[in-house]
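Student: Sharing a structure with you now.
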Amino acid sequence: MRMLCICFVVLFVLLSGVNLQPAAASSHSLDTTELEFFLDSVVENQMEERQIPNLTLSVVSGGAVVSVRGYGTADMDEGTAVDPETTLFRIGSTSKLFTWTAVMQLVEEGELDLDTDINEYVDFDIPSRLEHGWNRGELEPITLRHLMSHTPGFEDYMTGTFAISEDNLLPLDKYVREERPARVFPPGEVPAYSNYGTALAGYIVEVVSGMPYAAYVEENIYDSLGMENSSFRQPLPADLAENMSTPYRYMDQEFQEAEFEYMQEPSGSMSSSASDMARFMLAYLQEGELDGERILEEATVNEMFTEQFTVDSRLDGTAHGFIKTTFNGRDVFHHPGGTMLYDTGLYLIPEEDTGFFISHSGGSYLANIEIFQQFMDQYFPGEGITAPEAPADMAERAEAFTGEYQQNRRSFTTVDKFLSLTLGVIHVDTDEEGFLSVTHLGETNQFTEIEPGVYFNLREGRTQDYGGDFRTIVFSTDPLGKTMFLTDGPMSYSKAAWYETFGVIFLSLIASVVFIIGSLAYWGIKTLILKRRGKTVTHTENKGALWARRTAVVQGILTFVFLIQFLMESDADPLYGFPRSAFSPPPAWVQLLDAAVSYGMVLFGLAIAVFSIIAWWKAYWTAAGRIHYTVFAAACLILAWIFYFFQVL
């Protein structure tokens, strides 16, 4: 039940083949002075608008570092300014690019093969069958290629991703065993961003290389590129810890300091400086080589800049670890990263031989996208987009796509399933002419049909989507037979049945809780009034009716306790944006109380349902009393169904 409460407020953190030559000469020369004047203006406006305390960025082009910049204060207590050469920022999922680089290094050495069953590389068993749904037949094996494209078919857990104490973080080897998500889709069919998939790939690097993951990256990537201010280690080594930027959030009219965040190494724990990340970008833009040191062969880099998976050729998909997207008509290979406090973006434009890195704390990923988009508009502008003419008969087909779509990056077998109602939901409506109104991440965009099942965004500017430009959407069918909403990047969404939608679930939950607690209050007030009048009700009831009423009272008390727990546990920490219990496990007695209340509500609810039948059979109370009790029983069963459906029990 605690997890159900958390899921109400967790908003997380948190995403046709193209063969490009990565070192193509840029047709645009970036002047450092002009660029920095431009960046200062754009960045400072965003920092002021979004209350960002510290930010760092770097730009590389034409085989050289054009600019590294630091803004704001790294440590407000010390008054230390951000130094782009040495100040470290947490880069979140942008760390994954180093995991995929390590994997490709081992592929080059013949130690790994992208198309081999990953069970060949790990020392525990990953089942060969689906673990959810009715069709649980044998599946094709999961491969590293599936992990790199976020299509292994694993469910995903959002809660427990972060911690602010080292004690609450499982070692990688235990994590991949004990937190293995269920297989819910056939591999290679449904894009669903997977932190676990990348952590598993990092563990494979450990097993095959015989080295701890962080040590492998240090020896085979950092040392080769001269990245002296980077680390996956948690906590940071002492010599780097002193240069770590302090994360802040602006609240109550001041910046408040947050603690160091912990997460699984391969999927998001890296800390780095803008200068170090510039060297990483240069290596990729220079065919895997920097200053005479090579981290990857030219052919491998070329492969990593090749789109390897997309559900539909009209959509941008994923390359070998990079996410492919389009900015101003140019192919961009990027990877965003987010923690509870930091937001990061790395963008490579191979055809322009240019790279852009940005990271900050206390703001929003939208700031990174906006700054990069303005950079592209200034130096690599695109042509205007002409909207296609709407087909005259598109209204005949549009209605079939109306509904609520829930992201496939979610849990299907644990209480984390409830996140599908609060995170990443897309609503599609249609008007009389057949235009779709698509609401995503708080924005509504209008789409017109290009061809049956394919729609074009009529918005002129860029949207908030972090996987791509959200220009084209495609409707398909997922392996479970549901209508699937597809867009750019490693994400997909499936249409929810009416009983799975947020409105139905939330209203049912609230109505049931209010009715049960309201009934408890009514009975309590009625009892007090009768006592004041010197009357009682128990002497007029037989034992069956008395036990039915007492059971209902206990259920009312349990529901009241549930409500209090919900209100307390769902109170989001304003600094981190999550309930504290989401990243810092509550005491054992609290977890025990949660379980006791949840199971108690279900068991007493079932007993009340039986009593409601007996009440009509044996004519307990008046007809109005029996109707009230029956509705009470229905409310209890609705709660029991919600608990069961969302795996609370």
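What follows draws every value from the coordinates through simple rules; no lab data is involved. The structure presented is a predicted model; accordingly, all values stated were derived computationally and were not measured. FYI the Cβ positions are ideal-geometry reconstructions off the backbone, even for glycines, and counts take in every protein chain you see.
Student: Within a 10 angstrom radius of the beta carbon, how do Val184, Val332 rank from fewest other beta carbons to most?
Tutor: Val184, Val332
Student: Taking the alpha-carbon set of the stretch 414-453, what are its Rg and Dmax in Å?
Tutor: When restricted to Cα atoms, the stretch 414-453 yields Rg and Dmax of 13.4, 41 Å.
Student: What share of Cα pairs, in percent, lie more than 32 angstrom apart in the chain?
Tutor: The calculated P(r) of the chain puts 54 percent of pairs beyond 32 Å.
Student: Percent of alpha carbon pairs in the stretch 2-379 separated by more than 40 Å?
Tutor: 11 percent
Student: Right, here's the next one. How fast does the stretch 544-619 diffuse by Stokes-Einstein, in µm²/s, taking the Kirkwood radius from C-alpha pairs at 25 °C and 0.890 mPa s?
Tutor: 171 µm²/s
Student: Using a simple charge model, +1 on the beta-carbon of Lys and Arg, -1 on the beta-carbon of Asp and Glu, nothing else, what dipole does the chain show about its Cα centre, in debye to the nearest 20?
Tutor: 5680 debye
Student: Fewest to most neighbouring Cβ within 10 Å: what's the order for Lys531, Lys324, Lys482?
Tutor: Ascending number of Cβ neighbours within 10 Å: Lys531, Lys482, Lys324.
Student: Over what distance in Å are the Cα centres of the stretch 284-319 and the stretch 603-649 separated?
Tutor: Going from one Cα centre to the other spans 60 Å.
Student: Grab the beta carbon distance between Asn119 and Thr306, set R0 = 25 Å, and tell me the FRET efficiency rounded to 0.05.
Tutor: Approximately 0.40, to the nearest 0.05.
Student: If we count other beta carbons within 10 Å of each Cβ, what is the order of Val610, Val42, fewest first?
Tutor: So the residues, fewest neighbours to most, are Val610, Val42.
Student: What is the distance in Å between the Cα centroid of the stretch 341-380 and that of the stretch 198-261?
Tutor: Each part reduced to its Cα centre gives a spacing of 21 Å.
Student: In the chain, with Lys and Arg counted as +1 and Asp and Glu as -1 at Cβ, which of these residues, Asn220, Pro181, Phe232, has the Cα nearest the positive end of the dipole, that is, farthest along it?
Tutor: My answer, from the dipole projection, is Pro181.
Student: Taking H placed 1.01 Å from N in the peptide plane, check which residues at least 5 places from Phe412 or on another chain put their amide H under 5 Å from its amide H.
Tutor: Residues meeting the criterion, in which the H sits 1.01 Å from N, are Asp156.
Student: Compute the signed sum of charges (Lys and Arg +1, Asp and Glu -1) over the other residues within less than 15 Å, Cβ to Cβ, of Pro452.
Tutor: -4
Student: Now, a different point. Once fully extended, how much extra length lies between Phe506 and Glu108, figured as 0.36 nm per residue of separation less the alpha-carbon to alpha-carbon distance?
Tutor: Length gained between Phe506 and Glu108: 138.1 nm.
Student: Turning to a different aspect of this structure: Would you mind getting me the FRET efficiency between Leu546 and Ala596? Use the beta-carbon distance for r and R0 = 35 Å, nearest 0.05.
Tutor: Approximately 0.90, to the nearest 0.05.
Student: Among residues other than Asp331 whose Cβ falls under 11 Å from its Cβ, what is the net charge (Lys/Arg +1, Asp/Glu -1)?
Tutor: Once all neighbours under 11 Å are counted, the net charge is -2.
Student: Distance from the Cα centre of the stretch 39-61 to that of the stretch 411-431, in angstrom?
Tutor: 33 Å
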